[in-house]
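Colleague: After the structure tokens below, expect a handful of questions from me.
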Amino acid sequence: MAPQPLTELEIAETLSGLPGWRAENDHLVRSYTLPGHPAAVALLVHISVAQEELNHHAELTLVYNRLGVALNTHSVGGKVTALDAQLARRIGEIAAGHAAD
């Protein structure tokens, strides 16, 4: 079954379980700060592996020790779906293991 866009209420409920994430312009977004550039690159690589496993991909922006993440589902017109929430949860787990805040 194809993913369906979440309602504003469903997005708000989803965000209540995703510390540090927010809704912005039809995306779930989060920024992580790490101790340095190599640590930020390591987090990016670890996230890329999880994305392949889930077959769902984020927009990742790396600037020195900061990694920005933006999630939405292109196949439903760039709206937020349960796939985005699932990937956000996984990214949060990964980031915790990299001492990202």
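The values are calculated or read from the model by the stated rules, or taken from the named source; none is laboratory data. Since the structure is predicted, the reported quantities are computational estimates derived from the model, not experimental observations. Neighbour counts run over all protein chains shown; Cβ positions are idealised from the backbone, glycine included. The accessibility values were calculated without ligands, DNA or RNA, using every heavy atom of the protein model including side chains. Shrake-Rupley method; radii C 1.70, N 1.55, O 1.52, S 1.80 Å.
Colleague: If you plug each phi of segment 66-77 into the Karplus form 6.51 cos²θ - 1.76 cosθ + 1.60 with θ = phi - 60°, what whole-Hz ³J(HN,Hα) values come out, in order, with x for Gly and Pro?
Modeller: 10, 10, x, 10, 9, 10, 7, 10, 5, 5, 10, x
Colleague: Given a 1.4 Å probe and heavy atoms of the protein chains only, how would you sort T33, T14, T81, largest accessible area at the top? Display every interim value, and only then the final one.
Modeller: Details: T33 55, T14 30, T81 0 Å².
So, going from the largest accessible area down, we get T33, T14, T81.
Colleague: Provide E10, E52 ordered by accessible surface of protein heavy atoms (probe 1.4 Å), highest first.
Modeller: E52, E10
Colleague: Please find, in a Gaussian network model of the chain (springs between Cα atoms separated by less than 10 Å), the residue of A82, A58, A12 whose mean-square fluctuation is greatest.
Modeller: Looking only at A82, A58, A12, the largest GNM fluctuation is found for A12.
Colleague: Residue by residue, what Karplus-based ³J(HN,Hα) values in Hz, rounded to whole numbers, does segment 16-32 have, using 6.51, -1.76 and 1.60 with θ = phi - 60° and x for Gly and Pro?
Modeller: With the stated coefficients, segment 16-32 comes to 5, x, 10, x, x, 8, 9, 8, 7, 6, 6, 9, 8, 10, 7, 10, 10 Hz.
Colleague: Additional query: For K79, list long-range residues whose amide hydrogen, built 1.01 Å from N in the peptide plane, is under 5 Å from its own amide hydrogen.
Modeller: Placed amide hydrogens put T73 under 5 Å from K79.
Colleague: I would also like to ask the following. In sequence order, what are the phi-derived ³J(HN,Hα) couplings for segment 43-48 according to the Karplus relation 6.51 cos²θ - 1.76 cosθ + 1.60 with θ = phi - 60°, rounded to whole Hz, with x for glycine and proline?
Modeller: Using θ = phi - 60°, the values come out as 5, 4, 5, 4, 5, 4 Hz.
Colleague: I would also like to ask the following. About the Cα centre, and with charges only on the beta carbon of Lys, Arg (+1) and Asp, Glu (-1), how big is the dipole of the chain? Nearest 20 debye, please.
Modeller: That gives a dipole near 200 debye.
Colleague: While we're here: Taking the Cα centroid of segment 11-32 and of segment 54-101, what is the distance between the two, rounded to the nearest whole Å?
Modeller: Segment 11-32 and segment 54-101 have Cα centres spaced 10 Å from each other.
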